[in-house]
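Data block below; observations after.
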Amino acid sequence: MSAQLIDGNLLSQQLRADVAKRAAALTAQGKQPGLAVILVGDSPASQVYVRNKVKACQDNGLHSVLEKYEATMTEAELLARIDALNQDPKINGILVQLPLPAHIDSHKVIEAIAPEKDVDGFHVSNAGLLMTGQPLFRPCTPYGVMKMLESIDYPVRGANAVVVGASNIVGKPQAMLLLQAGATVTICNSKTRDLGHHTRQADILVVATGKRNIVTADMVKPGAVVIDVGMNRDDNGKLCGDVDFANAREVAGWITPVPGGVGPMTITMLLVNTIEAAERT
Ligand code: GUN
């Protein structure tokens with residue numbers, strides 16, 4: 001039997017309705033939530049991502065500012081902009097789109113963002129708070145994945161969760177959130193021997209590697225929840241994830257499509273984090 005789809009667009013719509021309500025309530029108190037998005041350089045993929053983030057703000061009653069800079073911007077200039085946004089009372093969230101050009105130290109840039117405006121949750125202070133179980137901001141993609149599990153009432157406590165990918169943006173914070181929800185968590189990385197041995201144990205399988213078809217149907221436990229964070233192009237230029245969707249869906253119990261799965265949830269949780277930041281002011 002074919003897996004049930006977890007529809008990220010539908011779930012996003014429901015969550016965004018709540019975001020819009022909270023944004024309106026804040027605006028009525030003279031505290032319209034505001035997000036600043038900074039893009040350095042002209043990567044076509046990043047341009048699409050930031051445009052979608054800003055549009056989602058506009059559609060849901062948040063104030064948003066998109067600052068676009070040439071790839072030649074210096075690190076000092078970028079740090080000065082962040083400093084100004086840190087001081088700006090109309091801005092509750094600051095997001096610097098990654099990756100940055102090679103001459104800019106992204107760690108230094110992330111650490112320059114005031115932790116209480118770090119809606120990506122990437123600042124070391126926020127990573128530490130997440131690690132110790134008292135998160136201020138949950139990184140958007142892993143937060144969205146947890147909402148997807150919640151939407152199907154999946155019993156995460158005691159489940160075997162396997163996260164494929166160990167990035168600071170997805171894999172590591174995802175593992176922390178699953179662990180805190182009571183799962184037994186395995187984190188696999190690009191050096192993992194016999195990846196399938198691990199993935200076949202997974203009741204919950206989260207795949208975030210950026211490698212198309214890294215997870216095939218034979219690597220999925222029958223009935224598992226398969227969450228595909230990948231965003232790749234196939235040979236025909238069509239968007240696809242990291243999981244061989246057509247075959248894995250015949251084995252899994254639930255599966256997320258690409259597009260229309262995790263992608264919209266990431267943006268939705270960015271809105272939620274910005275609202276949470278504004279509600280704390
Ligand atoms: N680049 C890819 N994903 C992300 C993200 O979640 N936040 C930022 N700032 N940059 C990214």
Exercise for the section: Taking only segment 252-275 into account, find how many residues are outside any helix (DSSP H, G or I) and out of contact with any strand residue (DSSP E or B) (no Cβ under 8 Å at 6 or more places or on another chain). Expected result: 1
Exercise for the section: Would you be able to tell me the number of residues in segment 1-17 that are of a type in the set (D, E, K, R) and within 18 Å of LYS53 (Cβ to Cβ)? Expected result: 1
Problem - Yes/no for LEU62 being of a type outside the set (D, E, K, R) and within 15 Å of the ligand (Cβ to nearest atom) - result: no
Handout entry: 2 or more residues within 21 Å of LYS147 (Cα to Cα) and in contact with a Pro (Cβ under 6 Å, 6 or more places away or on another chain): qualifying helices (runs of 4 or more DSSP H) within segment 1-108
Key = 8-28
Practice task
Answer yes or no as to whether LEU95 is under 17 Å from the mean Cα position of the chain (by Cα) and either within 12 Å of the ligand (Cβ to nearest atom) or crowded, with 22+ Cβ neighbours inside 10 Å (or both).
Solution key: yes
Handout entry: Output for segment 226-251, where each listed residue is in a strand (DSSP E or B) and either in contact (Cβ under 8 Å) with a residue 60 or more places away in the chain or not assigned by TED's automatic domain parsing to the domain that holds ILE152 (or both)
Key = VAL226, ILE227
Practice task
Only one of these is buried (at least 19 other Cβ atoms within 10 Å of the Cβ), closer than 18 Å to PHE122 by Cβ and either touching a residue at least 60 places away in the same chain (Cβ under 8 Å) or among the aliphatic types (A, V, I, L, M) (or both): VAL185, VAL163. Name it.
Solution key: VAL163
Practice task
Scan segment 171-189 and give yes if some residue there is closer than 28 Å to LEU39 by Cα, touching a Lys or Arg at 6+ places or on another chain (Cβ under 8 Å), outside the structural domain of GLY41 (by TED's automatic domain parsing) and not hydrophobic (A, V, I, L, M, F, W, C), otherwise no.
Solution key: yes
Practice task
Looking only at segment 232-240, decide whether some residue is closer than 30 Å to HIS63 by Cβ, within 16 Å of the ligand (Cβ to nearest atom), in contact with a Gly (Cβ under 8 Å, 6 or more places away or on another chain) and at pLDDT 95 or above.
Solution key: no
Exercise for the section: Please verify whether segment 15-36 includes one or more residues that are within 15 Å of the ligand (Cβ to nearest atom) and not charged (D, E, K, R). Expected result: yes
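The values are calculated or read from the model by the stated rules, or taken from the named source; none is laboratory data. Not measured: the values here are computed from a predicted model. With ideal geometry, Cβ positions are generated from the backbone for all residues, glycine too; neighbour counts draw on all protein chains shown.
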